[in-house]
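Student: Sharing a structure, written as structure tokens. Questions coming.
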Amino acid sequence: MLTCKLRPHHGLCIAFFEGKGYSPDFVENMTRVIAALNEDDPAITLTDRADTICAGCPNDRGGVCESADKVARYDAAVLRLIGRKCGDTLRWSELCALADARILDPGRLGEVCLDCQWYGICGNK
Ligand code: SF4
């Protein structure tokens, strides 16, 4: 079974993914990862480092995101809202359920990532 590391806010990005991204390699990798997550429902370990989604991203500078401060803020907000911490391991379906119940359904996405360049897409769904 697939096990993977995931930055907490990427659980939200995946929920809104519609085939757009930073580069063709990034989109291809993200599409493949999402398919595997939904098919296998693997154990996910929450991380504050480059993760399975970051592979293929042109903003990944040797394991450090070009927007490190911003994405760290997004991750911290997600962890606070779902009541988890980095290093925790949970099923992909459990992370999705927590994100739905505590962030998306109550309309709290803006508390996480209002200044993301993609918020015009994600925040209007
Ligand atoms: S607005 Fe940005 S950080 Fe928030 S879910 Fe969308 S892509 Fe992810």
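Student: Could you pull out the chymotrypsin sites (Phe, Trp or Tyr not before Pro) across region 1-85 that fall in loop regions by DSSP (anything but H, G, I, E, B) with no more than 16 other Cβ atoms inside 10 Å?
Tutor: TYR22
Student: Something else now. Could you derive backbone 3J(HN,Hα) for region 25-32 from the dihedral phi with the Karplus parameters 6.51, -1.76 and 1.60 (θ = phi - 60°), listing whole Hz in sequence and x where the residue is Gly or Pro?
Tutor: 5, 4, 5, 5, 5, 5, 4, 5
Student: Checking the a/c ratio against 1.5 first, then a/b against b/c, what shape does the Cα gyration tensor give for region 6-52?
Tutor: Taking the square roots of the gyration eigenvalues as a ≥ b ≥ c, region 6-52 is oblate.
Student: Continuing with the same structure: If you keep only loop residues by DSSP, which GluC sites (Glu not before Pro) in region 23-125 have at most 12 other Cβ atoms within 10 Å of their Cβ?
Tutor: Qualifying residues, ordered by number: GLU66.
Student: Show me, for region 7-21, the HN-Hα J-couplings you get by feeding each phi into the Karplus relation (A = 6.51, B = -1.76, C = 1.60, θ = phi - 60°), rounded to Hz, glycine and proline as x.
Tutor: 5, x, 5, 5, x, 6, 4, 5, 4, 9, 4, 9, x, 10, x
Student: Neighbour counts of other C-beta atoms within 10 Å: give me VAL27, VAL71, VAL64 arranged from fewest to most. The partial results should precede the final answer.
Tutor: On the way: VAL27 15, VAL71 21, VAL64 12.
The fewest-first ordering by Cβ neighbours comes to VAL64, VAL27, VAL71.
Student: Which Rg and Dmax, in Å, describe the Cα atoms of the chain?
Tutor: 13.3, 36
Student: From the backbone phi of region 107-114, what are the Karplus-calculated ³J(HN,Hα) couplings (6.51 cos²θ - 1.76 cosθ + 1.60, θ = phi - 60°) in whole Hz, Gly and Pro given as x?
Tutor: Karplus values, whole Hz, x for Gly and Pro: x, 9, 4, x, 6, 9, 9, 4.
Every read-out reported here was derived from the displayed coordinates using simple, explicitly stated rules and does not represent laboratory data. Since the structure is predicted, the reported quantities are computational estimates derived from the model, not experimental observations. Note: ideal-geometry Cβ built from the backbone for every residue, glycine included; neighbour counts use all protein chains shown.
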